[in-house]
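No lab work stands behind these numbers, since they all come straight from the coordinates. From a predicted model like this one, the values you see are computed outputs, not experimental measurements. Cβ: placed from backbone, ideal geometry, glycine included. Neighbour counts: every protein chain shown.
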Amino acid sequence: MSRQAWQVLVIGLGSAVVPLDSSVNIAFPAITHGFGLAIADVQWVVISYTLTYTSLMLAFGRIGDMYGHARVFRVGLVWSAVACLLCALTRDFAWFVVCRVLQGVGAALVLSCGVALSTGLYGEERRSRVIGAYTMLIAVGSTLGPWLGGALVHAWDWPAVFWFRTPIALLALVLLGKFPATERPGGGERFDALGAGLLVLALIGLVLTLHHARDLAGLPLGLATLLVFAAFVRREQRVDAPIIDLRVFRAPGFGLLNLANVLVNLAAFSVWLIVPYYLAQATDLGVTVGGAVLASAAVGVLVASPVGGRLIVRVPARRLALAGAVLVAVGLLLIARWGERTAASSLIVALAVQGVGLGLFQLAYIDIVAATIARQSRGVAGSLAMVTRTIGVIGAASTFFPLFQTLAASAGFLAAFQSSFELAALLALAVTALVGWGVRRA
């Protein structure tokens, strides 16, 4: 194995502390019981974490571009190790949410520079392959998360899905220390702190608006968010070194593609939110086997990453994204057909099809973003890809949980489950239309 390949492997190991958070999803029922929560309250386990790293990633990506991606990455590993341990130790839900916020800061530090570190080890002619390898390593974490989570919850209850990531982060930190990546000096550039602050406020406002979309608070929050976004755009157009050069969104179809990434992840994350409850209530698989079944979705992403990395050399990235969106829709429609006696093999096939589609879409999307944004801003490019993804994740947590609970109260658990995934499939079909339009424009 070459030195660069070993470095990508270590970067992937460190980055895995974030996708291994998929182990928390299979622990939702245990967390709900442990803290005495209503199902709807569990959304704060997701929102507090993803809200934090979504709002901070672009700013941290810019800091990495200016002062060195490896420095930011190392700080993120240490921070994540401590935060995961704190999450495992707390027994008060309010403090647990605070610890999840701290964990989100660590995730932002790690994710903001993972793509930049990996692609920086090779020339641009290898970019697509390296992105495929990196996303495969991320998918390994997502794949192992539910399986490990089920086994850990069975043996040590829900705190185990947090503390087991501490030694992983520390091991990556030690290994990365032996292979330092190239650092970029800050030079004469100044970090746009005001722009970063406005961006953080705007993203927080967006998430809170999504969360309160069904009540009266959503309207004033939405208006305030629009004002802050407008101030951010105005600020970025006037500074010499913006957080992100907004002119990239003028590229044909680029804005539509970013919107499509939000929506496809909104649809796909319904799997990780609702399927754990189906496995617990409508099957007799048990938490360990149920975790392995849930992991089929991540296995699909894992399989798609190396395959997509090879295909993208021959197939235009936008067409690969289109194929991925179609497969996501097909997989979600298959999940919507689940009943009380659905065979485990059918569960696995449906989850895997959806996962393959999501993996192809994400690989193509990240490659397009990396190709569109200048290489010296690769930290911002990787962060943008993660931000749009997590906005979709947060949107799913803010909408699908309340919708599912409302439907379950009136129509029963199984009918609510099926209706929720029919809606998710329709959303994925809308993404297909958006991406198809973007292909024509590009």
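Quote the FRET efficiency, to the nearest 0.05, computed for L227 versus R341 with a Förster distance R0 of 45 Å and r equal to the Cβ-Cβ distance. Present the calculation step by step, with values, prior to reporting the outcome.
Details: r = 53 Å, r/R0 = 1.17.
Efficiency for this residue pair is about 0.30.
How charged is the neighbourhood of G34? Take every other residue with its Cβ under 15 Å from the Cβ of G34, and add Lys/Arg as +1 and Asp/Glu as -1. Could you put the intermediate results ahead of the total?
Working: positive: R91, R100; negative: D41, D92, D157.
Around G34, the charge tally is -1.
Of V393, V130, V313, which is the most mobile in a GNM of the chain whose springs link Cα atoms less than 10 angstrom apart?
Of V393, V130, V313, the most mobile in the Gaussian network model is V313.
If you rank T52, T390, T209, T342 by fewest surrounding Cβ atoms within 10 Å, what's the result?
Values: T52 24, T390 27, T209 20, T342 16.
With the sparsest Cβ surroundings first, the list reads T342, T209, T52, T390.
Using Cα pairs closer than 8 Å and at least 6 residues apart in sequence, work out the relative contact order for the range 192-240, in percent. Numbers along the way, then the final one.
Numbers: 37 pairs, mean separation 21.6, N = 49.
Answer for the range 192-240 is 44 percent.
Name the residues whose placed amide hydrogens come within less than 5 Å of the amide hydrogen of I312, ignoring near sequence neighbours (fewer than 5 apart) on the same chain.
Sorted by chain and number, the residues that satisfy this come to none at all.
Could you size up the charge dipole of the chain around its Cα centre, putting +1 on the beta carbon of Lys and Arg and -1 on that of Asp and Glu, and report it in debye to the nearest 20?
On the way: 30 positive and 18 negative charges, 254 e Å.
The dipole of the chain has a size of about 1220 debye.
Grab the beta carbon distance between A433 and A371, set R0 = 25 Å, and tell me the FRET efficiency rounded to 0.05.
0.60
Express the relative contact order of the chain as a whole percentage, based on alpha carbon pairs under 8 Å and six or more residues apart in sequence.
It comes to 24 percent, rounded to a whole number.
Please give me the summed charge of the neighbours of L111: other residues whose Cβ is under 12 Å from its Cβ, Lys and Arg +1, Asp and Glu -1.
Details: positive: R389; negative: D21.
Charge balance near L111 sits at 0.
Compute the Rg/Rh shape ratio of the range 192-240: radius of gyration over Kirkwood radius, all on alpha-carbon atoms. The partial results should precede the final answer.
Numbers: Rg = 11.8 Å, Rh = 11.0 Å.
Radius of gyration over Kirkwood radius for the range 192-240 works out to 1.07.
Just to be sure I understand: with springs between alpha-carbon atoms less than 10 Å apart, which residue in A251, A151, A280 has the highest mean-square fluctuation in the Gaussian network model of the chain?
Checking each option, the largest mean-square fluctuation is seen for A251.
Which residue fluctuates the most in the chain, going by a Gaussian network model with Cα springs under 10 Å, if the choices are W44, W95, W158?
W95
Given labels modelled 7 Å from the Cα in the Cβ direction, how far is it in nm from V289 to F93?
Simple spin-label model gives 3.1 nm for this pair.
When S419, S55 are ordered from fewest to most other Cβ atoms inside 10 Å of their Cβ, what list results? Can you show the working numbers first?
Details: S419 16, S55 24.
Ranked by crowding around the Cβ, least crowded first: S419, S55.
What number, rounded to the nearest 500 deg cm²/dmol, is the helix-based mean residue ellipticity at 222 nm of the chain, given -39500 (n - 2.57) per DSSP H run of at least four residues and division by all its residues? All intermediate terms of the calculation are to be shown ahead of the outcome.
Numbers: 18 runs with 352 residues, N = 442.
Only helices count here, giving -27500 deg cm²/dmol.
Charges at C-beta only: +1 for Lys and Arg, -1 for Asp and Glu. How large is the resulting dipole of the range 192-240 about its Cα centre, in Debye rounded to 20?
Working: 4 positive and 4 negative charges, 21 e Å.
With only Lys, Arg, Asp and Glu charged at Cβ, the dipole is about 100 debye.
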